[in-house]
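Just below is one structure, and these are the notes that go with it.
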Amino acid sequence: MKRSAIVIVVFALIAAACGGGDTATTTTVGETSTTPGASVSSTQPDQSQSEQSLPDGTVAQAGDLVSVHYIGTLTDGTEFDASRPRGSTLDFTVGAGQMIAGFDAGVVGMAVGDTKTVTIPPEQAYGLKNDDLIVEIPRDQAEGEFNVGDQVIVGNGQSAVVIAISETMITVDANNRLAGETLIFEIEMMAIERPNP
């Protein structure tokens, strides 16, 4: 209950900053997002479709259902995500907009067993930081105690992080935590399935 007031206030301020209800959605690899060009998915491919038997050496193309393992790092070497510790592959349809654009494009041309490292600029990943998503909330509009680094959930499940606290204001940042970052992914192609036409 202590964060309920800040959640409502943050949602209202962020919605206003973004021109209404068209707010960004916080995502990380392995989650689904509604942000165009910045979504990722770990959903399983639709097994109801029949697939072609693919010869060895077949490379991934748009429309294929692929399974990959990956390690994601920042340019300073910090690992921010990886599939193997979760014990499952990342499965998606190439070119369907389920992935950030740079990752989606990066798997095209890979065959099963291939490993590839792709460097993705912010524009092809989670976008540049949007200063309009950093908002100040008067402390008298927030119930409870907050600390820098606390996460609050706003509106449609979007996450914001408390980045500063003064005597009169609490500042939160609703940008994706990877916004503005160049991302490096080591991708290993595990499987390719091609739906029959």
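No value in this document is a laboratory result; all are computed from the given coordinates. Quantities reported herein were computed from a predicted structural model and do not represent experimental measurements. Note: ideal-geometry Cβ built from the backbone for every residue, glycine included; neighbour counts use all protein chains shown.
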Net charge near ALA111 (other residues with Cβ under 13 Å of its Cβ; Lys, Arg +1; Asp, Glu -1) is -2
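For the range 88-185, what is the relative contact order in percent, using Cα pairs closer than 8 Å and at least 6 residues apart in sequence? Kindly include the intermediate steps, with their values, before the conclusion.
Details: 133 pairs, mean separation 30.3, N = 98.
Relative contact order comes out at 31 percent.
Give the order of ARG84, ARG139 when sorted by the count of other beta carbons within 10 angstrom, beginning with the fewest.
ARG84, ARG139
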In whole angstrom, the spacing between the Cα centers of the range 50-92 and the range 96-142 equals 16
Listed by chain and number, the residues whose amide H is under 5 Å from that of SER159, excluding neighbours fewer than 5 places away on the same chain and using placed H, are THR26, VAL154
Per the charge dipole of the range 125-186 (beta-carbon charges, Lys/Arg positive, Asp/Glu negative, Cα centre), the residue among LEU128, GLY144, ILE165 reaching farthest to the positive end is LEU128
In whole percent, the Cα-Cα distances of the range 60-141 spread across 5 Å bins from 0 upward as 3, 12, 19, 22, 16, 9, 6, 6, 4, 2, 1, 0
